[in-house]
Amino acid sequence: MRTHYCGELRAEHIGETVTLCGWVDRRRDHGGVIFLDLRDRTGIVQIVSDPVRTPDSYAQAERLRNEYVVQFTGRVSQRPEESLNSRLPTGEVEIYADKIELLNQVYKQLPFQVATAESEPVREDLRLKYRYLDLRRDRMANNLQLRHQVVKTIRRYLEDTENFIEVETPILTKSTPEGARDYLVPSRVNPSEWFALPQSPQLFKQLLMVSGFDRYYQIARCFRDEDLRADRQPEFTQLDMEMSFMSQEEIIKLNEGLVCHIFKTIKGIDLPRPFPRLTYAEAMERYGSDKPDTRFGLELVNVSDLVKDSGFKVFSSTVASGGVVKVLPIPGGNDAISNVRIKPGGDLFKEASEAGAKGLAYIRVRDNGEIDTIGAIKDNLTEEQKQELLRRTGAKAGHLLLFGAGDSNMVNKTLDRLRLVVGRELGLIDPEKINILWVTDFPMFEWNADEKRLEALHHPFTAPHPEDVHDLKTARAQAYDLIFNGYEIGGGSRRIYQREVQEQVFEAIGLSQEQAYNKFGFLLEAFEYGTPPHGGIAYGLDRLVMLLAGEESIRDVIAFPKTQQARCLLTNAPSGVDEKQLKELQVASTYKPKSTEKGK
């Protein structure tokens, strides 16, 4: 039906007769001559219908409106000098329409403007409900094109440069809950038994290493039933990789090559190598986060040892009970941040409270170098402590010092949040800057206070650091995360490949031998048949494309995303199903709507 795409026409096509198909992006009637912008997924080109030069098409052109689906046949011509459009790749040419065929029209009023030239902000719920229209607009069309280019670049690099093979792993698999909740699927042919949708291909890719496919990758669909944020979805896509017979350094080097290739191909940016590295301990100490945004300073300063003997009981008792006291020094904070914002009811106090803090202590450094704060702090610091505090934090006149005191997790979480808020507010974050770094040497485990047990910080298949195998409970993991401007875009590790070590890790997280074998027996058995040393990484593809596109939500780089309530506004999923389907599956719901429960 067409000879060319709209966006590919250039000056070299002048004189050719072409047939194009697409949507009317915009229609303009200029004193008898009708101009139409025709759009397809490659771009826009101008169509001209003139009652003198193209009389056969003119009557049809008069009836066309925005978003009508049409076919044009005509000759490519040079645009007049005064109407050249340097903003369009096709801006040197136009097509005089000898023939117009209306393929379909719009029968209802558009819920929002689709036309490129008339694009305007639209509520997200409308965009998601009419996603097929939203995808016609420049922003989403360009984002999906970018996503396609990223995936194509990844495939070509891994296969042609690094000798990887793509293998698909199952979507219907065994439930092995050890992290987020699984999405469960009842089995009709095996009553009362269930499949789970994979949270990742983790176990299958390790089994592929046992099978000898030593360089595997997959653009994998994954599913997690968890609370959603702007950078999370219940179903998402990741680049999944696994490699045998490679050290951690070799895996990191290979992945730096991949990431540099993506940035060079997609953005034309040469990233410096090797990427910087921070250990987990360093990242938490300096930034309060294992995914620090290092585009700006405002590093945290630990002053626990300095205030442990101070007369200010909040600080001294915190340190005595095993907690920490840390400071966020803010240059120019005296002028930028008022006391009202720090005290109860203020926005910074609210940020701290949501992170678990009970309050915010602060010190202001005045022009004479004196500190100004609530009396309880100032009156209980010696002159030597005051001077050492100023020296450690680098605080000078105009500085505001915000304190966090309590257990280390809460303090880090609090000051990390405040650091990011203040960094954005003070304009310290350059949006054009790209900082990519590795965070390494994570702890193997963290304490789950709710369940009163250890749980794997990454996952229970991560190998311990060779120097720490004598005490797994305090061991560091051979794990590494890749951080891009404060977002984790990839995470991986060397894996356990010996059955006895894997069983020790299962025991450490509270799984009995029976539970471990029931959940992971197939993996433990595979380890008895010659498993090579191996490791891998998984990238959040949606999140990576979001950052490359300069978007703030992964919903804007996914064709048909869910809302933050895990609903599809387009199809109204999830929804009820026919009672017959439930009977076939031998499944019943115990849920009772609140109105029914009250119905009394």
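The values are calculated or read from the model by the stated rules, or taken from the named source; none is laboratory data. Small disclaimer: the values here were computed from a predicted structure and weren't measured. When we count neighbours, we look across all protein chains shown, and the Cβ atoms used for this are built from the backbone with ideal geometry, even at glycine.
Scanning the stretch 314-337 for residues that are free of Cβ contacts under 8 Å to residues at least 24 places away in the same chain and surrounded by fewer than 13 Cβ atoms within 10 Å (Cβ to Cβ) gives S317, A320, S321.
Of all the numbered requirements in (1) in contact with a Leu (Cβ under 9 Å, 6 or more places away or on another chain); (2) on the phi > 0 side of the Ramachandran plot; (3) at pLDDT below 95, Q60 misses one, and that requirement is (2). Counting just the residues of the stretch 472-492 that are farther than 14 Å from P292 by Cα and in a loop (DSSP other than H, G, I, E, B), which one comes out farthest from the chain's Cα centre (by Cα)? Looking at the filtered set, the residue picked out is A475.
Test each condition in (1) in contact with a Phe, Trp or Tyr (Cβ under 6 Å, 6 or more places away or on another chain); (2) outside any loop (DSSP other than H, G, I, E, B); (3) among the hydroxyl-bearing types (S, T, Y) for Y517 and report the one that comes out false. Of (1) in contact with a Phe, Trp or Tyr (Cβ under 6 Å, 6 or more places away or on another chain); (2) outside any loop (DSSP other than H, G, I, E, B); (3) among the hydroxyl-bearing types (S, T, Y), only one is false for Y517: (1).
Among the numbered criteria (1) under 25 Å from R137 (Cα atoms); (2) surrounded by 11 or more Cβ atoms within 10 Å (Cβ to Cβ), which single criterion is violated by N518? Of (1) under 25 Å from R137 (Cα atoms); (2) surrounded by 11 or more Cβ atoms within 10 Å (Cβ to Cβ), only one is false for N518: (1).
List the residue pairs whose Cβ atoms are under 6 Å apart, where the first residue sits in the stretch 280-298 and is under 10 Å from N412 (Cα atoms), the second is among the polar types (S, T, N, Q) and buried (at least 20 other Cβ atoms within 10 Å of the Cβ), and the two are 6 or more positions apart or on different chains. What qualifies is M284/N412; G288/N412. Of the residues contained in the stretch 52-61, none is found to be of a type in the set (S, T, N, Q) and out of contact with any strand residue (DSSP E or B) (no Cβ under 8 Å at 6 or more places or on another chain).
Restricted to the stretch 96-141, and to residues there that are touching a residue at least 24 places away in the same chain (Cβ under 8 Å) and of a type in the set (K, R), the residue that is surrounded by the fewest Cβ atoms within 10 Å (Cβ to Cβ) is K99. Against the list (1) among the hydroxyl-bearing types (S, T, Y); (2) modelled with pLDDT under 95; (3) not in a strand (DSSP E or B), the condition T414 fails is (2). Can you name every residue in the stretch 538-595 that is in a loop (DSSP other than H, G, I, E, B), out of contact with any Cys (no Cβ under 7 Å at 6 or more places or on another chain) and among the charged types (D, E, K, R)? Within the stretch 538-595, E551, E552, R567, D578, K592 meet the criteria.
For the stretch 471-499, filtered to residues that are among the acidic types (D, E) and over 18 Å from E455 (Cα atoms), the residue that is surrounded by the most Cβ atoms within 10 Å (Cβ to Cβ) is D481.
Filtering L144, L203, L133, L228 for residues that are within 26 Å of G510 (Cβ to Cβ), hydrophobic (A, V, I, L, M, F, W, C) and either part of a strand (DSSP E or B) or under 25 Å from the mean Cα position of the chain (by Cα) (or both) leaves a single hit, L203. Under the condition of being under 42 Å from the mean Cα position of the chain (by Cα) and under 12 Å from I100 (Cβ atoms), the residues counted in the stretch 28-41 number 2.
Within the stretch 9-47, the set of residues being touching a residue at least 40 places away in the same chain (Cβ under 8 Å) and over 23 Å from A59 (Cβ atoms) comprises L9, R10, A11, H13, I14, G15, E16, R41, G43, I44. Within the stretch 51-83, the residues that satisfy the criterion of being assigned to a strand (DSSP E or B) and within 44 Å of the chain's Cα centre (by Cα) are V69, V70, Q71, F72, T73, V76. For the stretch 306-322, the candidate set comprises residues that are part of a loop (DSSP other than H, G, I, E, B) and under 20 Å from T393 (Cα atoms); within that set, the residue that is nearest to the chain's Cα centre (by Cα) is K308. Restricting the stretch 202-249 to residues that are touching a helix residue (DSSP H, G or I) at 6+ places or on another chain (Cβ under 9 Å) and within 15 Å of Y183 (Cα to Cα) leaves a set whose member that is modelled with the highest pLDDT is F236. With respect to the conditions (1) modelled with pLDDT under 95; (2) assigned to a loop (DSSP other than H, G, I, E, B), E507 lacks only one, and its number is (2).
Collect the residues in the stretch 332-345 that are over 26 Å from S316 (Cα atoms) and in a loop (DSSP other than H, G, I, E, B), keeping them in residue-number order. G332, I337, S338, G345 - these are the residues of the stretch 332-345 that are over 26 Å from S316 (Cα atoms) and in a loop (DSSP other than H, G, I, E, B).
Checking A477, A516, A526 one by one, the residue that is touching a Pro at 6+ places or on another chain (Cβ under 9 Å) and either of a type outside the set (S, T, Y) or closer than 30 Å to W194 by Cα (or both) is A477 and no other. The selection criterion, being surrounded by fewer than 17 Cβ atoms within 10 Å (Cβ to Cβ) and touching a residue at least 12 places away in the same chain (Cβ under 8 Å), holds for K308.
Among the residues of the stretch 234-283, those that are in contact with an Asp or Glu (Cβ under 7 Å, 6 or more places away or on another chain), closer than 28 Å to E168 by Cβ and surrounded by 14 or more Cβ atoms within 10 Å (Cβ to Cβ) comprise P234, F236, T237, M243, S244, L254. Regarding T116, is this residue over 18 Å from D29 (Cβ atoms) and touching a Cys at 6+ places or on another chain (Cβ under 8 Å)? Taking the combined requirement at face value, the residue does not satisfy it. All of (1) touching a Gly at 6+ places or on another chain (Cβ under 9 Å); (2) among the acidic types (D, E); (3) more than 30 Å from A549 (Cα to Cα) hold for D240 with one exception: (3). Looking for something among the charged types (D, E, K, R) and either within 28 Å of N485 (Cα to Cα) or in contact (Cβ under 8 Å) with a residue 40 or more places away in the chain (or both) - is there at least one such residue anywhere in the stretch 359-371? Checked the stretch 359-371: no residue is among the charged types (D, E, K, R) and either within 28 Å of N485 (Cα to Cα) or in contact (Cβ under 8 Å) with a residue 40 or more places away in the chain (or both). So how many residues does the stretch 369-392 have that are under 15 Å from F312 (Cα atoms) and in a loop (DSSP other than H, G, I, E, B)? Of the residues in that region, 5 qualify.
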